[in-house]
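K.L.:
This is the structure I have questions about; it appears just below.
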Amino acid sequence: MAPQKKTKGRSQTPVPLAPAAEARLAGQVAAVTAALAAGADLAELRAHLTPDPADPQWDVHLMAALGTLSHPVIPALLVSLFGEAQDKLRRKALKRTLHLLKTRGVAVAEDLLPREEATVGAPRPETAMAHVTPIFGNGESYIILEGPPEILGGNFLVSLINDREGFRDCMLLNLKRKQQAEFWDHLREQGLQNLLLPPPAHAVAMLDAAYTAHPDAPGASQYGALREKILQHWGRPEDADLEAALPALDTLEQPRLLEESRRLAADPLFHSWVPGPEEINPWLTKVKEAQESPLVLSDQQKQVRIDVVLDEATRALYPPETLTDWSRRLLTTAYYLHLLEREEDSRVARAAAADLANPDRSSLTGANPFLKGLVQFALRLAWEAQKPQEPVTPSGLVAPPDSSLLIRR
């Protein structure tokens, strides 16, 4: 028997999902099936699904699974989730799923899927994708530029930059489809699953600032060799203005927002900003000494003593010469919160950043509430870590186990 000819072109079969992802997908499809039976509208159906901009393979599997549900609302649901996608993988998967639904008798309007507009001389949208991590407490960020290999010679430029020292590393990768899925899986395993998708010019601005400030840093030469192509296809730094991108703050609201910033300190986005055990434990000892001092009789006096320790700890752990760095990081994170549609948190972070950038700030101003909140959160973690060895003594100054803060104001 003669051997069969290989099918021309790439396989249409998506990369298999991991067992945990398979279970998550099955759960979401089951929830949509139940919601359809209950007559849910489009918004309710979308609430059961989690598309992943950083994982095209997950999105392809999600489309295929939804395509097995022969219900008249499924085409509109698919388009509402993926109709704006411009990368080839998702676009082809969406068209294929809609076609399969059509062959099974599900009505699909001809104009349901927006047409792709060809723009002469302009890069395709998929040539200008950028992924960034939140800023870590040491000022580092991972920035990934993604695009067709014909532009840079690879489809992923992965950079690690520090906002004080410039490039730490920069690698150009050319990954095939299966390798791309493995690449995103590897990032998630390393704890980098919360990647953001800002306008590409924002990522370029961060890369270019690191390059121009420290052109001799490790990895800067790789970026420098590709810089002109990056500026041409991903955007220019001057197109990214954080102040202009964020809604203006009402001056009268700033004091309230600044005070609220202490609760933002416990947000997962800022966990890497919190002082570690080695830094915070000496201050926890001082807090305990202030609580247990026989020279202080009333709870109010003890609270004053503890507040003094908190201010001292905040100034020591976040010294004045670093406040400009923390202000810049907070402003960038305020922009990320804005991208995540967390507008109130964005305004709170921006108010805290403005306070840190205030040239009139002095030791008489008192500790910045956000930074003080980071210290409080670190003290709470250190206190709870010592609970098995040292039973908690009830006090009006130390929060009980179910409280949100260790130290009460």
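The values are calculated or read from the model by the stated rules, or taken from the named source; none is laboratory data. All figures in this text were calculated on a predicted structure; none of them were measured in a lab. Note that we place each Cβ from the backbone using ideal geometry, even for glycine, and neighbour counts take in every protein chain shown.
K.L.:
Just to be sure I understand, how many residues within region 210-242 are closer than 17 Å to H338 by Cα and either in contact (Cβ under 8 Å) with a residue 60 or more places away in the chain or of a type in the set (A, V, I, L, M, F, W, C) (or both)?
P.N.:
Residues in region 210-242 being closer than 17 Å to H338 by Cα and either in contact (Cβ under 8 Å) with a residue 60 or more places away in the chain or of a type in the set (A, V, I, L, M, F, W, C) (or both): 2 in total.
K.L.:
Yes or no: region 80-96 includes at least one residue that is among the acidic types (D, E) and either farther than 30 Å from V132 by Cα or over 26 Å from the mean Cα position of the chain (by Cα) (or both).
P.N.:
So far as region 80-96 goes, no, none of its residues is among the acidic types (D, E) and either farther than 30 Å from V132 by Cα or over 26 Å from the mean Cα position of the chain (by Cα) (or both).
K.L.:
Checking A85 against (1) modelled with pLDDT of 85 or more; (2) in a loop (DSSP other than H, G, I, E, B), which test does it fail?
P.N.:
(1)
K.L.:
Just one of L66, L62 is of a type in the set (A, V, I, L, M, F, W, C), under 32 Å from the mean Cα position of the chain (by Cα) and under 23 Å from N194 (Cβ atoms); which is it?
P.N.:
After applying the criteria, what remains is L62.
K.L.:
Among the residues of region 259-317, how many are surrounded by fewer than 19 Cβ atoms within 10 Å (Cβ to Cβ) and among the hydroxyl-bearing types (S, T, Y)?
P.N.:
4
K.L.:
Let me ask something else about it. Applying the selection to region 157-202, what residues are free of Cβ contacts under 8 Å to residues at least 60 places away in the same chain, more than 17 Å from L226 (Cβ to Cβ) and aromatic (F, W, Y)?
P.N.:
F183
K.L.:
Further question: Which of (1) in contact (Cβ under 8 Å) with a residue 12 or more places away in the chain; (2) in a helix (DSSP H, G or I); (3) in the same structural domain as G373 (by TED's automatic domain parsing) does A205 not meet, given it meets every other one?
P.N.:
Of (1) in contact (Cβ under 8 Å) with a residue 12 or more places away in the chain; (2) in a helix (DSSP H, G or I); (3) in the same structural domain as G373 (by TED's automatic domain parsing), only one is false for A205: (3).
K.L.:
On to the next question. If a residue must be modelled with pLDDT of 85 or more and over 10 Å from L379 (Cα atoms), how many such residues does region 289-312 contain?
P.N.:
Of the residues in that region, 5 qualify.
K.L.:
Would you mind stating whether A316 is without any contact (Cβ under 8 Å) to a residue 60 or more places away in the chain and among the small types (G, A, S)?
P.N.:
When the stated conditions are applied, A316 passes them.
K.L.:
Then there's this: Answer with yes or no whether H271 is over 16 Å from D355 (Cα atoms) and in the same structural domain as I144 (by TED's automatic domain parsing).
P.N.:
Here the answer is no, as H271 does not meet what is asked.
K.L.:
State all residues of region 50-63 that are in a loop (DSSP other than H, G, I, E, B) and buried (at least 17 other Cβ atoms within 10 Å of the Cβ); if no residue qualifies, say none.
P.N.:
A54, D55 - these are the residues of region 50-63 that are in a loop (DSSP other than H, G, I, E, B) and buried (at least 17 other Cβ atoms within 10 Å of the Cβ).
K.L.:
Okay, moving on. Kindly check whether there is at least one residue in region 244-257 that is among the hydroxyl-bearing types (S, T, Y), crowded, with 19+ Cβ neighbours inside 10 Å and closer than 15 Å to A349 by Cα.
P.N.:
No, that holds for no residue.
K.L.:
Can you confirm whether region 66-82 contains a residue that is among the small types (G, A, S), buried (at least 17 other Cβ atoms within 10 Å of the Cβ) and modelled with pLDDT of 90 or more?
P.N.:
Scanning region 66-82 turns up at least one residue that is among the small types (G, A, S), buried (at least 17 other Cβ atoms within 10 Å of the Cβ) and modelled with pLDDT of 90 or more.
K.L.:
Can you tell which of L173, L101, L160 is touching a Gly at 6+ places or on another chain (Cβ under 7 Å), within 20 Å of Q193 (Cβ to Cβ) and modelled with pLDDT of 85 or more?
P.N.:
After applying the criteria, what remains is L173.
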